[in-house]
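Input: a single structure, listed below in structure tokens.
The values are calculated or read from the model by the stated rules, or taken from the named source; none is laboratory data. The shown structure was predicted, so the numbers you read here are calculated from the model rather than taken from an experiment. All Cβ positions, even for glycine, are placed from backbone atoms using ideal geometry, and neighbour counts span all protein chains on display. For accessibility, only protein heavy atoms count, side chains too; no ligands or nucleic acids. Shrake-Rupley method; radii C 1.70, N 1.55, O 1.52, S 1.80 Å.
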Amino acid sequence: MTTPPLPEQIEIHRDRMWRRDEDLRIESAIDAERFIEDVGFANTLTDARRAGPSLYIAVCGRRDVSLPRNVQKDEETRLTWYLKDEVMRRGRVYYAKLAGGRSMFVAPALISHFAAIWMPRRKDEPLVLSVPAQRVLKVLRREHELATGDLRAESRVTERAAFTRALDELQRRMKVIPQDVIYQPFSYIWTLAEDHFPEELRKPIRRKTALREIARAYLAGAGMSVLGETARASGLSRVEAGLGNHQLVDEGYAIRLRQGIYALASSKNG
């Protein structure tokens, strides 16, 4: 099924909010942080085929962006990775592999809302985390930060694929984040998310509220959400994304154009 083209005013709204404009393109870590705060959450290295804002698209500064086959030789891809590392080191926004295993940024104002959806309480960890993930987490709670090789050795999850799965699981559950990267030899430095963002990750947020605010952030940047788009961009299920959008309609922030399609209420007169 082919998705019909968006109205041009929506595309222009996205050009401005998602920095798909040559005059707005991102060239520094500070630019990237402002962009993430404006959109609420963003992918790292996705192109126009993936729903939602993307640091890579914002670095390119144009709508129709496709990742090249040889990313190592592409200047825009290299700049995106450089900025990703700088933003990660600065630690002002949240960065990790979140829902769907995608590398994503989350603005400080939304961290607690993402955590309300994906981060289990400490007492529930034995029920929801695999044994290797629990072992990795136990080591980090003792040491607080470790390079990849040291963390694998200390946790005794020595099989590389199992260790990678454990780290990915802990990132999705918002327990562990990379805080730095070393290139000679290549290694991430891992730390506890709660050490880096203690206030945000301890703030109690109702799940219903979290769904509404994640949907709000996406709609504010997108101008319109077509069928399944909020879910694909955020990692929520379609049902959860729908619940969030329904709340926005109830409060008058959004209008429902037809099933699964929502637009900013302010656009009705614009």
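A few remarks follow.
- Filter pass, Tyr95 being loosely packed, with under 15 Cβ neighbours inside 10 Å and either in contact with a strand residue (DSSP E or B) (Cβ under 8 Å, 6 or more places away or on another chain) or not aliphatic (A, V, I, L, M) (or both): no
- Scanning segment 1-20 for residues that are in contact (Cβ under 8 Å) with a residue 12 or more places away in the chain, β-branched (Val, Ile, Thr) and in a loop (DSSP other than H, G, I, E, B) yields one hit, Thr3.
- Boolean, Asp180 is surrounded by fewer than 21 Cβ atoms within 10 Å (Cβ to Cβ) and not in a strand (DSSP E or B): no
- Residue in segment 117-124 that is out of contact with any strand residue (DSSP E or B) (no Cβ under 6 Å at 6 or more places or on another chain), open to solvent by 30 Å² or more (accessible area, probe 1.4 Å) and closer than 30 Å to Gly252 by Cα present: yes
- Put simply, of Ile57, Ile12, Ile30 the only residue that is more than 25 Å from Ile111 (Cβ to Cβ) and either within 19 Å of the chain's Cα centre (by Cα) or surrounded by fewer than 18 Cβ atoms within 10 Å (Cβ to Cβ) (or both) is Ile12.
- Hits in segment 134-151 (condition: in contact with a strand residue (DSSP E or B) (Cβ under 9 Å, 6 or more places away or on another chain) and either crowded, with 19+ Cβ neighbours inside 10 Å or not in a strand (DSSP E or B) (or both)): Val136, Leu137, Val139, Leu140, Arg141, His144, Leu146, Thr148, Gly149, Asp150, Leu151
- Residues in segment 60-92 that are β-branched (Val, Ile, Thr), more than 27 Å from Pro198 (Cα to Cα) and open to solvent by less than 40 Å² (accessible area, probe 1.4 Å): Val65, Thr77, Thr80.
- Residue tally, condition part of a helix (DSSP H, G or I) and open to solvent by 40 Å² or more (accessible area, probe 1.4 Å), over segment 186-198: 4
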